[in-house]
Amino acid sequence: MNALASLGRRTLDILARMGRATFCLLQILSGLHSVLIRPRLIVAQMYSVGVLSLPIILVSGLFVGMVLGLQGYTTLVDFGAAESLGTVVALSLVRELGPVVAALLYAGRAGSALTAEIGLMKATEQLAGMEMMAVDPVRRVLGPRFVAGVFAVPLLAAIFTAVGILGGYLVGVGLLGVDDGAYWSQMQAKVQWGKDILNGVVLKSVIFGVVANWIAVFEGYDAVPTSAGIGRATTRSVVNTSLAVLGLDFILTALLFGGIR
Amino acid sequence: MSTSRIVETLVGLFVALGIVALFFLSLQVSGISQLGGERSYRIYARFENVGGLKVRSPVSMAGVRIGRVGAISIDPQTFQALVELRIDSQFADLPVDTSAKILTSGLLGEQYVGLEAGGADAVLKDGSTLKLTQSALVLENIIGQFLFSKAAEGSGSNAAPAAKP
């Protein structure tokens, strides 16, 4: 009976958290206009979530592309289709790996920092102090971080994908001897602008950006204001973002690229 | 003041890098530049069967790509496939007795339209139709014909050459 009660309490806790998260998102969205008229705050946040995430995005993009080139080549060469390497690398990066891995890296590099920062602000009662001065912390703290993150994630995903394709080129053409022209022409013949680039890199990563920043900002705002609570909130932020991104990716792929009716 | 200037510059650089990456993806990866831009003219060809031919499949002559398939539709009178070929304007002087075949690149590769120039002096104009065409080879039909002729050979003891079905 006790186990049943704790299960029920946990379920109610989760539901309440989802409710608070939705309310938090609505609050952020309703305060958007006052965020957008202070672009300086957004630029400062773009620096910390976007520019500082660049090294990890560039390095992982390069290596993911290189691995794809190497692995794709060993599979394709058995069928005498090594010229399709460009298609394989580009399609897997543009449709799936670019947006997904960029969002996961973003959650680890920037999302966790956002959560910890906002959580610490709450623990040190800076958010309460702002409220005392009649400054809405949702508009002053959460809003700019959310907007900057939503802008940053698609840009990071595009950079990740482009660097990955160059990494595949480096390995495939530079080391393994795939024909230079065939790498690009096969890619250009198969990758479509509207279907692949727009749906994949752009649309997916905008959605991932909204989700990742929503979770990061909310977990910080909702953190228990103790050191242990901030630690838990940071962990939850990364874990929940990863799960949400991967789950959403399946749904988006099924919707955008078909296969499931 | 100077640190905020640096921050702004770095953010600008980041955004510019992202936009450059998007342009790179759009132009270099998706090959959108090949679709418009170039000036082309249209000729039409009728086929009994286009097999796996698709819009944007290459049109080549002597192995060189000279255009792309613009549209594939069905002719409501003859029930043949009507294929619109967009040929780049720089290959303007194709003879009127040019023939079109649907070929396959490699054993399992994609299908494309191969043109073979004839010897006539008159040249094809925008909107004209090719007279000589050869349909795609459909593997199932060939296997069917082969089996049929084998069966006919086996049953007829006088070993008459099997009539083509």
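The values are calculated or read from the model by the stated rules, or taken from the named source; none is laboratory data. None of the values given here were measured: they were computed from a predicted structure. Cβ placement follows ideal geometry from the backbone for every residue including glycine, while neighbour counts extend to all protein chains displayed.
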| field | Flag if B:ARG42 is crowded, with 19+ Cβ neighbours inside 10 Å and charged (D, E, K, R) | value | no
| query | Going by the structure shown, is A:LEU166 free of Cβ contacts under 8 Å to residues at least 12 places away in the same chain, surrounded by fewer than 24 Cβ atoms within 10 Å (Cβ to Cβ), more than 13 Å from the chain's Cα centre (by Cα) and closer than 30 Å to A:GLY258 by Cα? | reply | no
| field | Members of the range B:45-60 found to be surrounded by 18 or more Cβ atoms within 10 Å (Cβ to Cβ) and of a type in the set (A, V, I, L, M), listed by number | value | B:ALA45, B:VAL50, B:LEU53, B:VAL59
| message | Within the range A:187-208, does at least one residue satisfy the condition of being under 23 Å from A:ILE14 (Cα atoms) and either within 14 Å of chain B (Cβ to nearest Cβ) or part of a helix (DSSP H, G or I) (or both)? | response | yes
| The lone exception for A:TRP184 - which of (1) more than 9 Å from every other protein chain (Cβ to nearest Cβ); (2) part of a helix (DSSP H, G or I); (3) crowded, with 18+ Cβ neighbours inside 10 Å it fails | (1)
| Does at least one position in the range B:68-78 carry a residue that is in contact with a Lys or Arg (Cβ under 7 Å, 6 or more places away or on another chain), within 14 Å of chain A (Cβ to nearest Cβ) and in a strand (DSSP E or B)? | yes
| task | Please tell me if A:ALA90 is crowded, with 24+ Cβ neighbours inside 10 Å, in contact with a Leu (Cβ under 7 Å, 6 or more places away or on another chain), within 12 Å of chain B (Cβ to nearest Cβ) and assigned to a helix (DSSP H, G or I). | result | no
| task | Out of A:VAL77, A:VAL100, A:VAL49, A:VAL43, report the one residue that is in contact with a Gly (Cβ under 8 Å, 6 or more places away or on another chain) and surrounded by 13 or more Cβ atoms within 10 Å (Cβ to Cβ). | result | A:VAL49
| When residues of the range A:118-160 are limited to those that are of a type in the set (Val, Ile, Thr) and outside any helix (DSSP H, G or I), the one nearest to B:PHE23 (Cα to Cα) | A:VAL135
| request: Find the residue count for the range B:8-19, including only residues that are facing chain A (nearest Cβ under 8 Å) and at pLDDT 85 or above. | output: 8
| query | Assuming A:ALA148 fulfils every condition listed in (1) over 21 Å from A:PHE63 (Cα atoms); (2) within 13 Å of chain B (Cβ to nearest Cβ); (3) modelled with pLDDT under 90 apart from one, which condition is it? | reply | (3)
| said: Being more than 10 Å from chain B (Cβ to nearest Cβ) and either among the charged types (D, E, K, R) or within 17 Å of B:ARG5 (Cβ to Cβ) (or both) is the filter here; which residues of the range A:40-56 pass it? | reply: A:LEU41
| said: With buried (at least 16 other Cβ atoms within 10 Å of the Cβ), at pLDDT below 90 and in contact with a strand residue (DSSP E or B) (Cβ under 6 Å, 6 or more places away or on another chain) as the only criterion, which of B:GLY67, B:GLY31 stands out? | reply: B:GLY67
